[in-house]
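Note sheet for the following structure.
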Amino acid sequence: MKFTLLFFITINAWCMSAREIMEKVDKANKGIIGASGEMSMTLIDAQANKVERLLKAQTLEGNAQNDKSILEFIKPLDVKGVKLLTHTIKDDANKQWLYLPRFKRVKKINSRNQSCSFMASEFSYEDIAGRQLDKYSYKLLKEDDSSWTIESTPKTKSGYTKLISIINKEYMNPVKTEYYDRRSELLKVAIMSKFEPHKVKDKTFHLAKTIHMKNQQTKKESILTWNNRSLGVSLKESDFKSTKLK
């Protein structure tokens, strides 16, 4: 009986908290240096009509979660040249700017509007910016041999009351995330699939090729797919300034 109790205590001593798990996931995804490639964005309305778009994407990894990224639409013509610049901030609202070539102006997306739809897609500006570790509190809901199920509750202003993610232990990335709106009702579900290995120096990253976001309330969908992606790319800090968007 004493041995059984001791064994139980020892096993539990090695269990990680939800925060420790997320720190481990965050660390596993550090070291990309820079990333670039092309993405397709497919918009699907409730009647299954589709609109196809093509984008260029660049990400510059920073210190302490302060990454910078640019998305630029290549086609079709009605959105060509539109750019979104994002500066992630560790413990404050992210900074985002949208360049609209039709009006030749740069519009700053304030924190209140970052929960809005990005270019009529089911991805919000907040989704595009990604998730910074210190902006959430975490709760471990479930663990099995292959995954953790983590509930993330925003500490700062957000369009969501909580997110529930299933994180694959091999890929060290989510394979599914549920987004709950400000009424705590299920709003969207994202499915990440077709994970591909990318090596930078001596480290391998497993990244989803496709993210399929389904709005459970409107029945609209958006699919982001990487057509090609390169990691370990050397990028210039000066190219990620709002003054360069024009």
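Model label sites at K194 and T149, defined 7 Å from Cα along the beta-carbon direction, differ in position by 2.8 nm. Helix-only arithmetic for the chain: the sum of -39500 (n - 2.57) across DSSP H runs with n ≥ 4, divided by the residue total, places the mean residue ellipticity at 222 nm at -3500 deg cm²/dmol.
Simple point charges give the picture: +1 on the Cβ of Lys and Arg, -1 on the Cβ of Asp and Glu, and for the chain a dipole about the Cα centre of about 920 debye.
Relative to the longest principal axis of the C-alpha atoms of the chain, give the angle of the C-alpha long axis of helix 18-28, reported between 0 and 90° and rounded to the nearest 10°. Helix 18-28 and the main axis of the chain meet at about 60 degrees. From most to least packed by mean Cβ count within 10 Å, the peptides 92-105, 119-132, 212-225 give 119-132, 212-225, 92-105.
When N counts the residues of region 18-236, how does its alpha-carbon radius of gyration compare numerically with 2.2 N^0.38 Å, as a ratio? Before the final figure, lay out the partial values.
Working: Rg = 16.8 Å, N = 219, 2.2 N^0.38 = 17.1 Å.
With N residues counted in region 18-236, Rg over 2.2 N^0.38 Å equals 0.99.
At 1.567 mPa s and 4 °C, plugging the Kirkwood radius over alpha-carbon pairs of region 133-182 into Stokes-Einstein gives what diffusion coefficient in µm²/s? Write out the running numbers ahead of the final one.
On the way: Rh = 11.2 Å.
Once the numbers are plugged in, D ends up at 115 µm²/s.
Where in region 47-90 does the label zone of K107 land, with the point 7 angstrom along Cα→C-beta and an amide N cut-off under 20 Å? Of the residues in region 47-90, 53-56, 69-87 have backbone N under 20 Å from the label point off K107. Placing unit charges on the Cβ atoms of the charged side chains and taking the dipole of region 18-236 about its Cα centre, the candidate lying farthest along the positive direction among L224, L98, V175 is L98.
Considering only S111, L60, I32, the residue lying farthest towards the positive end of the dipole of the chain is S111, judged by Cα position with unit charges set on Cβ.
Please give me the summed charge of the neighbours of N63: other residues whose Cβ is under 15 Å from its Cβ, Lys and Arg +1, Asp and Glu -1.
Details: positive: K27, K30, K68, K90; negative: D26, E61, D67, D91, D134, E237.
Around N63, the charge tally is -2.
Each reported figure results from applying straightforward, stated rules to the coordinates on display, with no laboratory input. These numbers were taken from a predicted model, which means no experiment stands behind them. Methodologically, a virtual Cβ is constructed for each residue, glycine included, from the backbone with ideal geometry; neighbour enumeration extends over all protein chains shown.
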